[in-house]
1. Would you confirm, using the coordinates I've provided, whether Val89 is at pLDDT 80 or above and surrounded by 10 or more Cβ atoms within 10 Å (Cβ to Cβ)?
2. Give all pairs with beta carbons closer than 8 Å in which a residue from the range 283-306 that is in contact (Cβ under 8 Å) with a residue 60 or more places away in the chain meets a residue that is of a type in the set (Phe, Trp, Tyr) and surrounded by fewer than 15 Cβ atoms within 10 Å (Cβ to Cβ); count only pairs at least 6 apart in sequence or on separate chains.
3. So, of the residues in the range 238-266 that are closer than 17 Å to Tyr390 by Cα and crowded, with 16+ Cβ neighbours inside 10 Å, which turns out to be farthest from the chain's Cα centre (by Cα)?
4. Residues of the range 393-413 being more than 17 Å from Ser248 (Cβ to Cβ) and in a strand (DSSP E or B), which ones?
5. Checking the conditions here, which among Asp117, Asp108 is exposed (fewer than 10 other Cβ atoms within 10 Å of the Cβ), acidic (Asp, Glu) and either modelled with pLDDT of 75 or more or not in a helix (DSSP H, G or I) (or both)?
6. Of all residues in the range 305-355 being surrounded by fewer than 16 Cβ atoms within 10 Å (Cβ to Cβ) and among the aromatic types (Phe, Trp, Tyr), which is farthest from Glu400 (Cα to Cα)?
7. Among (1) within 17 Å of Phe374 (Cα to Cα); (2) out of contact with any Phe, Trp or Tyr (no Cβ under 8 Å at 6 or more places or on another chain), which single condition is Ile261 missing?
8. Within the range 307-320, which residues are closer than 12 Å to Pro259 by Cα and charged (D, E, K, R)?
Amino acid sequence: MEDNTFDSEVKSKLENYEATGFDPTALASLHHQMATVSILPWYRNYRTELLVGSAFLFTILLIIWSQWLFTSRSATILEREIMSLRDQVQEFERLQTERQQTKSMNPDTLKYFDEQDKISSDEYLSLSSTIKRLETALQEVLVEQVKQKDVVGNQENNLASQDEEPLNQKTNLSFTKRISPHSVATESRRAIARNFPIDPASPERNLSTKAIRDIKKHYHKGLSIQVAPVFSLSKGFYNPGNGRFDLSVGLLGDFITSPSISLETGILYTQRHYSISSDLAQRNVLPGIDESLGELSNVDIDSWIYEMPVNIKYRYPISMKANWIAGLGYSTYLYTKQLIEYDYQYNQSASLNSAYTINRAKVYSGTLNLMLGFNSELKNKKILETSIYYQQGLGKMGIEETIPTFVGLRGAYWFQVK
């Protein structure tokens, strides 16, 4: 049988053959899944390794480039130094050569001997005799002047005492036509100024308060400005409640309009604390009280406060560098945060506590300020000031709604700005 005939018979038998269990929908689904699945590149499986390797390679290249850059710069600097040293060596060799040439040259003294040879022996002897004669005459004049020194001094004193004598009689004196030395008086009749004048601020002069003010007013020109860091220690008095000593820090500026009057302002920061252990039944204004924890026995209140004072200061001078100070002013208070801690008596042997925080900022009516102090100018032209102050509250402040009173001690170190 031929191949073509065999193929035709096989193809005719297989055309209508259907396999058992064949599902055309499953094959269509397979074709659809194969069409939708995207073939990922090979490097997607090694993405992390490739990123790490690339970063490592970039770091190595960066280090190699930086080392090459630094090495090239160092080489350039060394080449410049070598060139500079070569120039110095060449200059030194040139100077050495010039020095050797100068040493080898002989001085030109022929001209000196030629000029000396031009003078004849007769002229030389004549000049020598003339010089000796003049020296002898000069010696005789000096001896005569020494002998007449006392006589001339006495005659000058007599002439000074005779103020009414005519000028022509004085000029007729024989000794007035001659210039001669005279003795200097041992004591001078002239007034000699002191090397160092008396400083108005020195203890050698006791100036009155008015004189000191006049001097300062004379040298005071326009508005002067001083700035100082300030530290103060104060204690608060509350009703009810007990305060403690609190530290305040800040920065103040003093605007001096005259030697006696100035305006002081700035900002101070204080964290104040006080506790309430009595009259707790009346403190219904306090938030966050939980009576289920027991009987309230104590309340601690911490407040973070910014104070903005405006004070008028008066200076009473003691000396040119020291003053008594009195001040009157007003302060505004900004409460930025308050923390209230409650202590409850749960039973005879146990107590509980809770806390309540207020984070909102609020401005309250402030205090009336009274101040009394002393300042002194130091050797470095800075001013050290110490004072005691009293502050009386003008209204209720804080969430506890109390009217506080503060008493404290303040120190300031003033710098001149203008």
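The values are calculated or read from the model by the stated rules, or taken from the named source; none is laboratory data. All values derive from a computational prediction rather than experimental measurement. Methodologically, a virtual Cβ is constructed for each residue, glycine included, from the backbone with ideal geometry; neighbour enumeration extends over all protein chains shown.
1. For Val89, the condition - at pLDDT 80 or above and surrounded by 10 or more Cβ atoms within 10 Å (Cβ to Cβ) - is met.
2. Close Cβ pairs (under 8 Å, with a partner that is of a type in the set (Phe, Trp, Tyr) and surrounded by fewer than 15 Cβ atoms within 10 Å (Cβ to Cβ)) amount to Leu293/Tyr346.
3. Only one residue fits best here, namely Tyr238.
4. We begin by selecting, within the range 393-413, every residue more than 17 Å from Ser248 (Cβ to Cβ); these are 394-396, 399-403.
Residue satisfying the conditions is Thr402 alone.
5. Details: Asp117 fails: either modelled with pLDDT of 75 or more or not in a helix (DSSP H, G or I) (or both).
None of the others qualify; the one that does is Asp108.
6. The residue in question is Tyr316.
7. (2)
8. We begin by selecting, within the range 307-320, every residue closer than 12 Å to Pro259 by Cα; these are 313-317, 320.
Within the range 307-320, Lys313, Arg315 meet the criteria.
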